[in-house]
Amino acid sequence: MYSNVKLERRMSQLGYRQAELARAVNAETERLTGRPGSLTDADIRRWLRGDTKWPQDRIRLCVEKVLQCSAEDLGFIRRAKKSPSPSEEEDVHRRKFLTATGGTTLAIAAPPCKRLGLSDVDRFHQEYIRILEDDWRVGGLRKVENHAAELALRIRSALSAGTASTEVRKRLHRLASDAASSAAFAAIDAKSHKRARMHLEKAVTFAGLSGDSETQYHVWNHLAMTACQHEEFSESAAAADVMKSMAIARRDPVYASLGHMRKARSLAKMGHSSETLRALRAAEKSFDRADVRSRPAWISFYDHSEMLGLAAGIWFALEQYERAEYFFHQTLSGIRPEMIRNRALYTTHLALSQARQGELELACFTSSKAYDSLPPGSGSKRTTDMLVKVRRVLISSGSRSPEVTEWIERSRQWT
């Protein structure tokens, strides 16, 4: 436990480790004086322990600039001997630096770059959570997509204009990648393949800069979805294989399960029934091994109900409509209240499963329920396109049932 808690707290806020702070102060010293500083992490520990209570003038001013606080606010204690007043002392220090730097007034007067810290990470993260919540509620609106894309750009601009510790920089790159991935997912939900690809290209870059396996996994998850939506099923299966090979999938069964599920979906679309069932069983077994732990916000959607919903979609792709209907019912009985878009989407899938089995009146009721559950102005084209498919099945049935004919007429405005 260090005695200089103020310095320790400020270092934590800005994400500085001891060696990193020493390097930053040395760099500031060299920038202002032309001569490199010689601080080490051992010097920082002496400050934290309180062994060094008042660093030398030149070092102290550089520390103040790097940490953006006065020496007193950083917990340093002025020497007991008589000193000039604070204003006089500041003038003395400025004269010393002017002498040391040969009169480079501009170097001293220039405003420092903003130092990004954990508070900035938290601020951007809270905004990202709001984007996720909007997506869960209304789906692929351009407003949601643009907000996510803008957040990624603002994080990149903050990193370009400011300075940050290695850890803070990695966290911000992870957030930028996650935001770009959310923009891509909004485009996927709106069924805009080109826009999704554009966002994912940015997400790939940010994920690479983060050096984080989970962030890279997030991007590949959306690449698998985008390829499958564009009927590039071999590419989607290959993306799923990358997901399964990543370190995060080897460590956490939830990630392994989702990778197997994406692979099963692609295989089902290619008509490889036996391989699909193996992948589906692997997804279910992996999920059953998962424990309760802290995970990033984006993957919280993949709970037990979502796992059942994705499995239902695979049974549907295999034309096992009765089994798909059973799983869709299981999904809808457990889906979380805030997942409004997903509830509507799975309800339309349930309606199509019923229509494919000849349960036409029931399909009318279910699809009406799905449409009514969508918030006004929802951007989920995946959901409305599924309603179009239900309508086509009902029209092609030739049914003259009043319920069916009335629904066909009513649904004209939806589709």
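The values are calculated or read from the model by the stated rules, or taken from the named source; none is laboratory data. Bear in mind that the values here come from a model prediction, so they are computed numbers and not experimental data. So basically every Cβ, Gly included, is an ideal-geometry build from the backbone, and we count neighbours across all protein chains shown.
Looking across the range 130-170 at every residue that is crowded, with 20+ Cβ neighbours inside 10 Å and farther than 30 Å from residue 345 by Cα, the one that is nearest to the chain's Cα centre (by Cα) is identified as 155. If the condition is being buried (at least 20 other Cβ atoms within 10 Å of the Cβ) and not hydroxyl-bearing (Ser, Thr, Tyr), then the range 319-331 contributes 324, 325, 327, 328. Within the set 207, 264, 224, 203, the sole residue that is crowded, with 24+ Cβ neighbours inside 10 Å, in contact with a Leu (Cβ under 6 Å, 6 or more places away or on another chain) and part of a helix (DSSP H, G or I) turns out to be 264.
Inside the range 282-297, can you point out the residues that are over 23 Å from the mean Cα position of the chain (by Cα) and not small (Gly, Ala, Ser)? Within the range 282-297, 284, 285, 288, 289 meet the criteria. Cβ separations smaller than 8 Å between residues 6+ apart or across chains give no pair from the range 152-166 residues that are in contact (Cβ under 8 Å) with a residue 60 or more places away in the chain and among the acidic types (Asp, Glu) to residues that are part of a helix (DSSP H, G or I) and crowded, with 17+ Cβ neighbours inside 10 Å. In the range 384-399 there is at least one residue that is of a type outside the set (Val, Ile, Thr), in contact (Cβ under 8 Å) with a residue 60 or more places away in the chain and within 19 Å of residue 353 (Cβ to Cβ). Among the candidates 214, 235, single out the residue that is assigned to a helix (DSSP H, G or I), charged (D, E, K, R), in contact (Cβ under 8 Å) with a residue 60 or more places away in the chain and under 20 Å from residue 188 (Cβ atoms). Being assigned to a helix (DSSP H, G or I), charged (D, E, K, R), in contact (Cβ under 8 Å) with a residue 60 or more places away in the chain and under 20 Å from residue 188 (Cβ atoms) holds for just one of 214, 235, which is 214.
If you check residue 400 against the conditions, is it in a loop (DSSP other than H, G, I, E, B), outside the structural domain of residue 142 (by TED's automatic domain parsing) and over 17 Å from residue 342 (Cα atoms)? Answer is yes for this residue. Pairing residues of the range 303-321 that are under 23 Å from residue 293 (Cα atoms) with residues that are of a type in the set (Lys, Arg) and surrounded by fewer than 23 Cβ atoms within 10 Å (Cβ to Cβ), at Cβ distances under 8 Å and at least 6 apart in sequence or on separate chains, gives 303/336; 305/336. Checking each residue in the range 180-230 for being over 14 Å from residue 153 (Cβ atoms), among the charged types (D, E, K, R) and under 15 Å from the mean Cα position of the chain (by Cα) picks out 212, 214. Taken together, 378, 399 contain a single residue that is farther than 18 Å from residue 137 by Cα, of a type in the set (Ser, Thr, Tyr), surrounded by fewer than 22 Cβ atoms within 10 Å (Cβ to Cβ) and out of contact with any Asp or Glu (no Cβ under 6 Å at 6 or more places or on another chain), which is 399.
Can you work out which of the residues in the range 109-125 that are surrounded by 13 or more Cβ atoms within 10 Å (Cβ to Cβ) and of a type in the set (A, V, I, L, M) is modelled with the highest pLDDT? Among those that are surrounded by 13 or more Cβ atoms within 10 Å (Cβ to Cβ) and of a type in the set (A, V, I, L, M), it is 121. Within the range 138-183, the residues that satisfy the criterion of being at pLDDT 95 or above and of a type in the set (Ser, Thr, Tyr) are 177, 181, 182. Residues in the range 402-415 that are surrounded by 14 or more Cβ atoms within 10 Å (Cβ to Cβ) and without any contact (Cβ under 8 Å) to a residue 24 or more places away in the chain: 405, 408. The residues in the range 186-196 that are in a helix (DSSP H, G or I) and surrounded by 17 or more Cβ atoms within 10 Å (Cβ to Cβ) can be counted, and the count is 6.
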